[in-house]
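Report on the following structure.
The values are calculated or read from the model by the stated rules, or taken from the named source; none is laboratory data. Keep in mind the model is a prediction, meaning the values are calculated, not measured. Cβ: placed from backbone, ideal geometry, glycine included. Neighbour counts: every protein chain shown. For accessibility, only protein heavy atoms count, side chains too; no ligands or nucleic acids. Shrake-Rupley method; radii C 1.70, N 1.55, O 1.52, S 1.80 Å.
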Amino acid sequence: MTDYSVLVADDERSIADLYSRWLGEEYDVYTAYDGAEAMEYADDTIDIALLDRDMPRASGDDVLETIRERQLDCRVGMITAVEPDFDVLELGYDDYVVKPIRSPEQLHDIVTTLTQRATYSTDIQRLLTLSSKQAALETRMSPDELENRDEYQELIQKIQSLKASLSNTLDGLGDDDLQGELMQSHVASE
């Protein structure tokens, strides 16, 4: 077992239990069946939170907001059936994956990506998060839908600006490492 703890929050008990079982041999897993219960677990012992967006008593968005308000050092992956829309640009998650998760390997890849991101600098984490948002939107919307949206153009500008300011750091990280992370974001969103 690793030193990482994972909070799985989904109001579909069978899904929450399945994810917990898939992760349980490798991680310390906490399972919540609604948003309010997830908020109870949201403390400094949680390293990774996997949240459904549409849950009773408190949404995944509410849980995410609580995690950020408490300033927890926790990576958050939204794993949800809610198709991404431009509202995802305002959310402070690290990765956005649309259900279904088809295998234990896919779920482990998501958690591994999030644990790796925790080791990167704040700026690189931000770049990867913005790239995840870009991937989520691009896999669910047509180029025409995106092209005419100011929010999407602003997102692209932020990514380009951040890449430019990080160019020396990214050169040191190596294209393979970053490209692997960015590809993981695109694959996880599909």
query: So which strands (runs of 3 or more DSSP E) stay within segment 47-156 end to end and still have 2 or more residues that are under 26 Å from residue 19 (Cα atoms) and in contact with a Cys (Cβ under 9 Å, 6 or more places away or on another chain)?
result: 48-51
field: Residues satisfying the stated conditions in segment 1-41, i.e. over 17 Å from the mean Cα position of the chain (by Cα) and part of a loop (DSSP other than H, G, I, E, B)
entry: 1, 2, 3, 11, 12, 25, 26, 27, 33, 34
message: What pairs come out if I take residues in segment 101-112 that are aliphatic (A, V, I, L, M) and pair them with residues that are open to solvent by 30 Å² or more (accessible area, probe 1.4 Å) whose C-beta lies under 6 Å away, six or more apart or interchain?
response: 107/22
Every residue from segment 38-77 that is closer than 21 Å to residue 133 by Cα and β-branched (Val, Ile, Thr): 48, 63, 66, 67, 76
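So which of 109, 44, 10 ends up being more than 29 Å from residue 142 (Cβ to Cβ) and surrounded by fewer than 21 Cβ atoms within 10 Å (Cβ to Cβ)?
The conditions single out 44.
Residues are listed down the side, and each one gets a yes or a no for (1) free of Cβ contacts under 8 Å to residues at least 40 places away in the same chain; (2) open to solvent by 40 Å² or more (accessible area, probe 1.4 Å):
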| site | (1), (2) |
| --- | --- |
| 24 | yes, no |
| 36 | yes, no |
| 49 | no, no |
| 63 | no, no |
| 81 | yes, yes |
| 91 | yes, no |
field: Tally of residues being open to solvent by less than 30 Å² (accessible area, probe 1.4 Å) and either among the aliphatic types (A, V, I, L, M) or under 17 Å from residue 9 (Cα atoms) (or both) across segment 112-130
entry: 5
